[in-house]
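A quick write-up on the structure given underneath.
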Amino acid sequence: MKKYFIIVVVIVLIIVVGVVYWRFKYVFKPIAEPNQVACTQEAKVCPDGSSVGRQGPNCEFAACPPSAISEMTKTDWEKYLPSIKSLFTKRFPNEQVEEGSRSMEILKAFKISGINFSLVTLGTGGASTDEEILVALIDNQIKIVDVVNSDNTTQTIFLSGASVMHGDEIQIFPSKDLIFVANWANSIDRSRSCHLKAYLWNNAEESFIFDQNNSDQFQKAYCQALQ
């Protein structure tokens, strides 16, 4: 009788141990954590003095907080004029920058998508027009900004001014992250042609990219206003 009792106890213990093992192995199996990449502890200093570190699977620097970048004035931009002129002459060695009373000048300062921009005149052009460029301050670096057309060609220098027969201008709409490049011309028979292209700022490309929808939307209103 005692022998059978011991056998029963052993069988029960085996069953209990098996049940406990099964529950811990399959029921309470821990969830495997995803592979984590250890990024280096480098830091990038933002324009406002704060810093951001590397993050994500590619260990890229986090973006500087747009709200922390204060908007620059025309006076703030004036100290960058020598750097802008140097950068422009290196990139466009055959282009002329006027000296004296019609020298390079900051026309407008504005902010789009957390980035400070300025519209700068080169003091050159024609009798009734000037040449202008767009300049951005990105990560404390001066950048002459291009616009990219629908055919992927780029434009950097813009005309601005008007006469009796024609006019050119560039308009800035910071609230929409847009710029407009417009021109019109009067013909001898008094008919007028009018064109407007809208360009939307693209942070990844660091350029203004042609936007067909906004071009269609604003050209009609702009051209009607000229009549």
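Summary table below
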read-out: Residue, farthest from the chain's Cα centre (by Cα), within segment 116-137, restricted to residues that are modelled with pLDDT of 95 or more and of a type in the set (Val, Ile, Thr); value: 120
read-out: The listed residue being outside any strand (DSSP E or B) and touching a residue at least 24 places away in the same chain (Cβ under 8 Å), out of 219, 224; value: 219
read-out: Whichever residue in segment 155-196 is polar (S, T, N, Q) and under 14 Å from residue 129 (Cα atoms) and, among such residues, is farthest from the chain's Cα centre (by Cα); value: 163
read-out: Segment 141-170 - residue that is among the acidic types (Asp, Glu) and crowded, with 17+ Cβ neighbours inside 10 Å and, of those, farthest from residue 79 (Cα to Cα); value: 168
read-out: Test for residue 198: is it assigned by TED's automatic domain parsing to the domain that holds residue 113 and either in a loop (DSSP other than H, G, I, E, B) or surrounded by fewer than 13 Cβ atoms within 10 Å (Cβ to Cβ) (or both); value: no
read-out: Subset of segment 201-225 [under 14 Å from residue 176 (Cα atoms) and among the hydroxyl-bearing types (Ser, Thr, Tyr)]; value: 215
read-out: Every residue from segment 201-227 that is under 26 Å from the mean Cα position of the chain (by Cα) and either among the polar types (S, T, N, Q) or not assigned by TED's automatic domain parsing to the domain that holds residue 169 (or both); value: 202, 203, 207, 212, 213, 214, 215, 217, 219
read-out: Boolean, residue 60 is assigned by TED's automatic domain parsing to the domain that holds residue 43, at pLDDT below 95, in contact with a strand residue (DSSP E or B) (Cβ under 7 Å, 6 or more places away or on another chain) and not hydrophobic (A, V, I, L, M, F, W, C); value: yes
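The values are calculated or read from the model by the stated rules, or taken from the named source; none is laboratory data. All of these numbers come straight from a predicted model, not from anything done at the bench. Here Cβ is always computed from backbone atoms with ideal geometry, including for glycine, and neighbour counts include all displayed protein chains.
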